[in-house]
Amino acid sequence: MVFYAHPRSDDPSRRASPARKRETEARPTMWTRLLPALRIVPRHVKWRVARIVATLIVLASAALAALWHGLPPSLASLRLPLAICGLLWAAYALWCLWPRLRLGIAPELLADLPCPTGQRVRLSFDDGPTPALTDRVLDLLFEHGVQAAFFVLTHKARRCPDLVRRIVAEGHILGLHGEDHRTALFRSQRELRASLARARDELSALSGQPISLYRPSHGWKNRALLSALRRCGLRLVFWDHGVWDTDAPPVDVLLKRLQLATPAPGEAGPAPVILLHDGRDDRTTLPSHSPALLAALSAWLPSLNAQPPRKPPQPQTSDEVRVMAKEGFNQKIINP
Ligand SMILES: [Zn+2]
């Protein structure tokens, strides 16, 4: 299975040729992707973000006022350095919490999901696997000839190893989401490294293949995580569009968000990576958004591929899954 590593900017093969220039022009940037993404963000999320930003502005203003008027005159020379430190800390916090900010991440630590031929989006599922949901999602993907990536939590994966093996056997990409759903914030580099190494090895043993891709919980990152990932040989995978499926919106609302995230046929640029969930954080019960997710996928997946619908497989054992995958689905996947 082939993944794209982000090329280094000093790679001679990247230097301008007419074809490379056209490709660069067509490739959407963070900003050209931001506007369509904003149209998908639900109103309550926009309000939540607006409240957080307003609170931060008030707190920053209060801190600056205290700095300028509260410090004794003998410490006046510290005002500017303290203000700059505060600003840098705020910028770092924003970088940690906003998945779209990838400045400063070494290219070899980032990976792009491959885009299967003819697919207009790259699907990804987090927080699973969940029995009675992940298998239904796999049925739908198989039926419509769509390939996806699954970033799993190992404490859930060990409860249903057959689902993990089925993900791999049907040609989907398997990545790590962590031992559990805790974020990297306020954890030491040593603890993160040990946790990631344990999770990587366990998922590798469950699936029978090496694991090299990692998606952080909520997309949050920090310097300690980057360092731990480098030591564990893992690369970060983010997404372009979230659709807030775990809020359990009505089917028509979720479907509308998925359609907004889908480029028109023939649209330039790489297929966007869409974030969905076949589980919900560390909970092991069937999540409340399952019915809406399955209904929306049933309505939306036929529009992604020109493949005729296929009958969902009904395997009984892991061996049967592997045989089916070899004979059918695996033949058409990933042609990067
Ligand atoms: Zn997650």
* Looking only at segment 225-238, count how many residues are surrounded by 18 or more Cβ atoms within 10 Å (Cβ to Cβ) and either at pLDDT below 95 or basic (K, R) (or both). => 1
* Asked: If D201 passes every condition in (1) acidic (D, E); (2) at pLDDT 95 or above; (3) within 24 Å of C115 (Cβ to Cβ) but one, which one does it miss?
  -> (3)
* Structure fact -> Of P272, P287, the only residue that is within 22 Å of I167 (Cα to Cα), in the same structural domain as S124 (by TED's automatic domain parsing) and at pLDDT below 95 is P272
* Report those helices (runs of 4 or more DSSP H) wholly inside segment 41-152 carrying at least 2 residues which are hydrophobic (A, V, I, L, M, F, W, C) and over 30 Å from P302 (Cβ atoms). => 43-70, 79-97
* Structure fact -> Inside segment 106-162, the number of residues satisfying the requirement of being within 15 Å of the ligand (Cβ to nearest atom), among the aliphatic types (A, V, I, L, M) and on the phi > 0 side of the Ramachandran plot is 0
* Asked: Within segment 204-223, how many residues turn out to be among the aliphatic types (A, V, I, L, M) and within 15 Å of the ligand (Cβ to nearest atom)?
  -> 1
* To do: Exactly one condition in (1) within 16 Å of the ligand (Cβ to nearest atom); (2) within 16 Å of V237 (Cα to Cα) is not met by R102; state its number.
  => (1)
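Run down L203, L185, L176, L192 and say which single residue is part of a loop (DSSP other than H, G, I, E, B) and at negative phi.
Numbers: L203 fails: part of a loop (DSSP other than H, G, I, E, B); L176 fails: part of a loop (DSSP other than H, G, I, E, B); L192 fails: part of a loop (DSSP other than H, G, I, E, B).
After ruling out the rest, the residue left standing is L185.
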* For segment 254-284, what are the residues that are touching a residue at least 40 places away in the same chain (Cβ under 8 Å) and either in a helix (DSSP H, G or I) or of a type in the set (S, T, Y) (or both)? -> L254, L255, R257, L258, Q259, L260, A261, T262, T284
* Structure fact -> Of (1) touching a strand residue (DSSP E or B) at 6+ places or on another chain (Cβ under 7 Å); (2) surrounded by fewer than 18 Cβ atoms within 10 Å (Cβ to Cβ), G208 fails just (1)
* Taking A205, is it in the same structural domain as Q119 (by TED's automatic domain parsing) and in contact (Cβ under 8 Å) with a residue 12 or more places away in the chain? -> no
* Kindly indicate which of L133, L97, L138 is surrounded by 17 or more Cβ atoms within 10 Å (Cβ to Cβ), out of contact with any strand residue (DSSP E or B) (no Cβ under 6 Å at 6 or more places or on another chain) and in contact (Cβ under 8 Å) with a residue 60 or more places away in the chain. => L133
* Structure fact -> The condition from (1) crowded, with 20+ Cβ neighbours inside 10 Å; (2) farther than 13 Å from L213 by Cβ; (3) in contact (Cβ under 8 Å) with a residue 60 or more places away in the chain that R159 misses is numbered (1)
* Across segment 163-203, what is the total count of residues that are of a type in the set (D, E) and either under 18 Å from the mean Cα position of the chain (by Cα) or within 16 Å of the ligand (Cβ to nearest atom) (or both)? -> 2
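The values are calculated or read from the model by the stated rules, or taken from the named source; none is laboratory data. Not measured: the values here are computed from a predicted model. Glycine gets a Cβ as well: all are built from the backbone with ideal geometry, and neighbour counts include every protein chain shown.
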